[in-house]
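Chemist: Before I ask anything, let me first share the structure, which is written out below as structure tokens.
Read-outs throughout are calculated quantities, based only on the coordinates presented, and are distinct from any laboratory measurement. What you see is a predicted model; the values in this text were computed from it and never measured. We place every Cβ from the backbone using ideal geometry, glycine too, and count neighbours over all the protein chains shown.
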Amino acid sequence: MESEARLVMIDYGLPLPELQYEIRALDGTVHRVDFAWPEQCVVAEYESIAWHSGRIEMVRDKKRYADFQDLGLTVIPIVVDDVRREPWLLAHRLEYHLSRAKMAS
């Protein structure tokens, strides 16, 4: 699904992200994100049901997202419907956050 999400980005002319980008949290923990636009402080994560459901997974994800927020990053979650059913909305959401980050700098 990450490959399909990347194709949406390409099809809609979005800036290409860095893939499997490493981010070091304030406590030294290293996280890898699916997609990153470091200059705009934007990251996107594909969230599958299998990998992101359940108590342990929810706590893990909340900790990761808190670490990203501490660094001033905007996190954009991506799910299967974003990619396969409403890719134009995903493209719009990504474009909005990427352009918002540019305006803030």
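Chemist: Does region 24-39 contain any residue that is among the β-branched types (Val, Ile, Thr), crowded, with 17+ Cβ neighbours inside 10 Å and in contact with a Leu (Cβ under 6 Å, 6 or more places away or on another chain)?
Modeler: No, because not a single residue in region 24-39 is among the β-branched types (Val, Ile, Thr), crowded, with 17+ Cβ neighbours inside 10 Å and in contact with a Leu (Cβ under 6 Å, 6 or more places away or on another chain).
Chemist: Turning to a different aspect of this structure: Since Asp11 meets every condition but one in (1) touching a His at 6+ places or on another chain (Cβ under 8 Å); (2) surrounded by fewer than 17 Cβ atoms within 10 Å (Cβ to Cβ), which condition does it not meet?
Modeler: (1)
Chemist: Mind telling me which of the residues Ile76, Ile23 ends up being among the aliphatic types (A, V, I, L, M), under 24 Å from His92 (Cβ atoms) and touching a His at 6+ places or on another chain (Cβ under 8 Å)?
Modeler: Among Ile76, Ile23, only Ile76 is among the aliphatic types (A, V, I, L, M), under 24 Å from His92 (Cβ atoms) and touching a His at 6+ places or on another chain (Cβ under 8 Å).
Chemist: I'm told Arg60 meets every condition in (1) more than 17 Å from Glu4 (Cα to Cα); (2) not in a helix (DSSP H, G or I) except one. Can you identify the failing condition by its number?
Modeler: (2)
Chemist: Return only the number of the condition from (1) surrounded by 12 or more Cβ atoms within 10 Å (Cβ to Cβ); (2) within 15 Å of Met9 (Cα to Cα); (3) over 14 Å from the mean Cα position of the chain (by Cα) that Arg85 does not satisfy.
Modeler: Arg85 satisfies all of (1) surrounded by 12 or more Cβ atoms within 10 Å (Cβ to Cβ); (2) within 15 Å of Met9 (Cα to Cα); (3) over 14 Å from the mean Cα position of the chain (by Cα) except (1).
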